[in-house]
Each structure stands twice: as structure tokens, then as C-alpha cells.
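Below: the structure, in C-alpha cells.
What follows draws every value from the coordinates through simple rules; no lab data is involved. Nothing here was measured: the structure is a model prediction, and the numbers come from that model. Reconstructed Cβ throughout: ideal geometry from the backbone, glycine too, with neighbour counts over all protein chains shown.
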Amino acid sequence: MGAKDVLVIGGGIAGVQAALDLADQGIKVYLVEKGPSIGGRMIQLQKVFPTMDCPSCIFTPKMVAASNHPDITLLAYSEVSEIKREGNLFLVTLYKKARYVDEDRCVGCGICENNCPVDVPSEYDNGLGARKAIYIPFAQAVPKVATVDLDHCVLCGVCERVCPAKAVNFAQKPETINLEVGAIIVATGFNLYDPSKLEQYGGGKFANVIPSLTMERLLIPNGPYGAVVRPSDGKIPRRVAYLLCVGSRSRNPINGYPYCSRVCCMYTIRQAQSTILNLRKVEVDVYYMDIRAYGKGFEEFYRRAEGVGVRFWKGRVGRITEQENGNLLLRAEIIDGSDSRIVEQEYEMVVLALGIRPQHRALAKLLPELELDDYGFVKTAAPKLDPTTTNVPGVFVAGVAEGPKDIVDTVMQASAAAMRASAYITNL
Ligand SMILES: Cc1cc2nc3c(=O)[nH]c(=O)nc-3n(C[C@H](O)[C@H](O)[C@H](O)COP(=O)(O)OP(=O)(O)OC[C@H]3O[C@@H](n4cnc5c(N)ncnc54)[C@H](O)[C@@H]3O)c2cc1C
Ligand code: SF4
Ligand code: SF4
């Protein structure tokens, strides 16, 4: 522990990539993740544009490599509670939450969760499916150990009795861990725009108006329902609408933030194609302002979606009204050349491409001197030529914590941040 070690905060693809790049150079890394497993948002996705790779297939090997690397100490289910500066060192205090399961004993067999009587909405399935009060968040979780969610546990003791490894331990206490590091990489990722703010789209109350992350889970064959069905009644939808830029690119603060969330056009095009390929007899409409297909292979990907039958409507949806049967009536202004017209169309399900928001509150508390931009993303000192260095010497940033971006750009920025952090500690 010391000035030659690095702390990485956040175990999404940005944090995992940065940790691996540092550790592969022989640098000791502490990788801290607040959730019970590393993986971040990428591990929740059905596929990734434009290659249509399966995210778990390409990401799980990296997650496992990070947890097995001799120079990476993985501290999942932990949060940084304090960072102090002393000379060249950052003195870091971590709070390791109690899982009420002994990580060294648990073999990840899942017998406890199969016997636990309590169902809780699954975070991994974005609230759609259920997990148990003792749970392993998903099949490829790293570390693959159970965690007791004490807020929902009824203390029946069943898990303790059935565990063959005697790993359940309700006497476990949270731990405080003190670290000394020379550099920090912030890779805390993102949240999505809160749909309850959007009264005109039902304020999050219409069962069949779902966020795009929920659609990711519905499109996965082994997802919560094993099929794309409407949450209200389990019916297979025959007309699905996707709305782009929800909470993004708005000049009116009531409807969101002015910036572009960068990934929504492309993941919506992917989801729209997958919806058609999955359900076959379905009409899929995308309402958009512009399609920003800016990356390598993106324009071709967009054209392919048109080829499989996705219809694109240039315009803005002003209001969604819920019908008695759960269908949704959309009122939109459609731009047609230099003309515009108001249309009303009925759908059985609507997917909102919610804008990307930073997880900045924890950071503002831990590193108050760290400069954030107007929207709460971490500001870089030289956005053009040094896009990972922050205003705080020794603190670097990677991934969506710095601004909305896709996985390719996240991985590149993470490797760049690792390089900068490595050079920084070498010169200390
Ligand atoms: C619906 C949807 C579909 C998408 N589809 C695609 C696609 O097809 N292709 C593509 O390239 N990109 C896609 N993206 C974008 C992709 O998800 C991101 O590029 C990627 O997840 C960014 O990784 P990250 O590590 O920066 O952030 P995240 O994935 O958000 O990971 C951040 C991690 O940090 C942890 N964390 C946060 N705060 C703290 C803290 N204080 N202490 C400890 N840990 C913390 C979080 O728990 C999380 O595990 C999609 C995004 C969405 C929303
Ligand atoms: S706590 Fe016990 S029963 Fe549950 S996964 Fe771990 S070893 Fe299996
Ligand atoms: S003690 Fe809690 S976690 Fe264990 S089986 Fe009972 S309800 Fe589930």
C-alpha cells in the first residue's frame, strides 16, 4: 500500500478495463464497487450495437480476469467513505458493507436463494422480475457469492439452515478498511433520467410505458419473462413505439437536459431490430429528432434496421394517454419535408430512451474540489488533448462518469486513464 498503488472507483466496464491495464503493468490496484457484483450497466444489456455481440460473453472474461488478477484487490459491496490528501498520498477510508455471508466460504451454489421465502423486485432485471432476500444478483456475478438484503429479510433462518457451506452469518459486521494510494481513477458511470418527472408520458405510472433498460431485460431470452410481453397483462405486443431523446436535448428544463446522451439512437435502433426479429408479427415505430449514427458501422446498422421493417418518424411525441385496455395513444408532431402535421397513433407498448445522468452526488461529497460540468459529469482539465486528467492532481476519470459515451469509447478512455495514472505515480 502506498504512492505506487491506484484506487479505481466503480466496477463497470470503465473501472474493470482501467484496473486490468494498470495491474498488467505490475501496479497494485484496489477496485471498489458499491454493488454486490462488478459489471455495471453493460452486464444488463441484451446485445451491443453495432456488432450485436452478447455483452456477458465479451465482458464476463474481463470481470473474472480482474477478480483473479494477483495485483487487483476487488472490494465489492463497498463504498469509499472518505478521501484525504497527505503529501503525495491519498488516504482513503472504505466502508465494506456486511453481506451476512462469509465470502470465503460461499460457493455460489444458490441453494439459499432457492429456499428463501421472500421475493423482492430484481435490480438486475430493472425491477421486472424477482430476486430473493438472499441473492446472487445474476448468474455470471463476480464475486459469485450470496448477499442478504436485510431490508427485506424476515429473519426466518432458512438460508442459514440449508447452506451446505455454513456461509450465512447474521453476526457479520461491516468493516472499515484504510488504504493509501498515489492516484485515483473515477469510473462511477451513470443513472438514467427519472421518468416520474415526465407527466406528459405518464410520469412513470403507465405500466406499458417502459424505460429502455427494462426493454433490454425483456429482449433477453432468459430475462424475467423469457419473452417480450407487456408488463400489465403478459400480452405479446403487436405495435411498439420507441421515443428517442427522452430527458435529453431539451431546451425546456421541464423535459430534461440540453445535452445529447449519445448512445440512445444506436441502442434504440438495435432494440427495434431485435423486437422485430424476436416477435416477427409486430410493427415497430421510432420517433426521433435526428438519428446520430456517428460511429464506425453505425450508418449501415441504421439502414439495416429500415431493411428489417423498423419505421422512423421524424418528430416529437407531445403526450401519451393510457387507454382502459393498457394501450397507449401517442400524439405527435411529425416533420415531413418543410411541413409538419399532428398525428395520433395507438400502440400496445412504448419504450422511452431515457437520457443519461451522472452519479455525481457521492463524488461531490468525497472530492469536493473535483470540478464537475454544468450537468454533473466530471470535467477534464484539457478536454481535447488530455481527456482523462481532472483538475485534482492524481485524480483521473474514465467512462460515462466523464460524459455519455458507448462501450468502445469507454474502454479507450479507461485505458488512457490507466496510462495517465501509471505515468503519474511513476513520477511521484
Ligand atoms: C439502455 C442502454 C443500452 C445501451 N446499449 C449500448 C450498446 O448497445 N452499445 C454500447 O456501446 N453502449 C451501450 N450503452 C452504453 C453503455 O451502457 C455504457 O457505455 C457503459 O455501461 C459505460 O460503462 P461505465 O463503466 O462508464 O459505467 P457503468 O456501466 O454505469 O458502471 C459504473 C459502475 O460504478 C459503480 N459505482 C457508481 N458509483 C460508485 C461509488 N460511489 N462507489 C463504488 N462504485 C460505484 C456502479 O455501481 C457501476 O457498477 C447502453 C446504455 C443504456 C442505458
Ligand atoms: S450462502 Fe450457502 S447456500 Fe447460499 S450460495 Fe453461498 S454457499 Fe450456497
Ligand atoms: S433468513 Fe432472510 S434471507 Fe434467509 S431465507 Fe429467511 S428471509 Fe431469506
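At a Förster distance of 35 Å, what's the computed FRET efficiency of Asp71 paired with Lys173, Cβ-Cβ distance as r, to 0.05?
0.80
Just the Kirkwood number for the chain, please: inverse of mean 1/r across all distinct Cα pairs, in Å, one decimal.
The Cα-based Kirkwood calculation yields 22.9 Å.
Run the reach check for Lys205 against lysines, Cα to Cα strictly under 16 Å, same-chain hits fewer than 8 apart removed. What comes back?
Partners found: Lys197.
Could you list which residues have their amide H under 5 Å from that of Glu402, counting only those 5 or more apart in sequence or on another chain, with H placed in the peptide plane?
Answer set, sorted by chain and number: Val378.
Pull up the cross-link candidates among the aspartates and glutamates for Lys365, meaning alpha carbon to alpha carbon under 15 Å and not fewer than 8 places away within one chain.
Glu79, Glu82
With all pairs of different alpha carbon atoms counted, what Kirkwood hydrodynamic radius in Å does region 267-393 show?
The Cα-based Kirkwood calculation yields 18.1 Å.
Identify the trypsin sites (Lys or Arg not before Pro) of region 185-284 meeting these criteria: DSSP loop state and at most 11 other C-beta atoms within 10 Å of the C-beta.
Lys205, Arg251, Arg280, Lys281
Note down the nm distance, to one decimal, between modelled labels 7 Å out along Cα→Cβ at Asp102 and at Lys384.
Calculated label separation equals 5.9 nm.
Kindly point out, ordered by number, any Cys in the chain whose beta-carbon has no other cysteine beta-carbon under 4.7 Å away.
Within the chain, the cysteines lacking a partner Cβ under 4.7 Å are Cys106, Cys109, Cys116, Cys153, Cys156, Cys163, Cys245, Cys260, Cys264, Cys265.
Can you flag which of Lys62/Lys314; Lys97/Lys296; Lys4/Lys132; Lys47/Lys379 are past 32 Å Cα-Cα?
Violating the 32 Å limit, Cα to Cα: Lys62/Lys314; Lys97/Lys296; Lys4/Lys132.
Please build a GNM for the chain, connecting alpha carbons under 10 Å apart, and tell me which residue among Asp125, Asp151, Asp290 fluctuates the most.
Ranking Asp125, Asp151, Asp290 by mean-square fluctuation puts Asp151 first.
Filter the GluC sites (Glu not before Pro) in region 226-328 to those in DSSP coil with at most 14 other Cβ atoms within 10 Å of their Cβ, and list the result.
Glu324
With the cut-off at 1.5 for a/c, could you classify region 193-355 from its C-alpha gyration tensor as rounded, prolate or oblate?
rounded
State, as an integer percentage, the relative contact order of the chain based on alpha-carbon contacts under 8 Å between residues 6 or more apart.
18
With contacts defined as alpha carbon pairs under 8 Å and 6 or more residues apart, what's the relative contact order of region 193-355 in percent?
29
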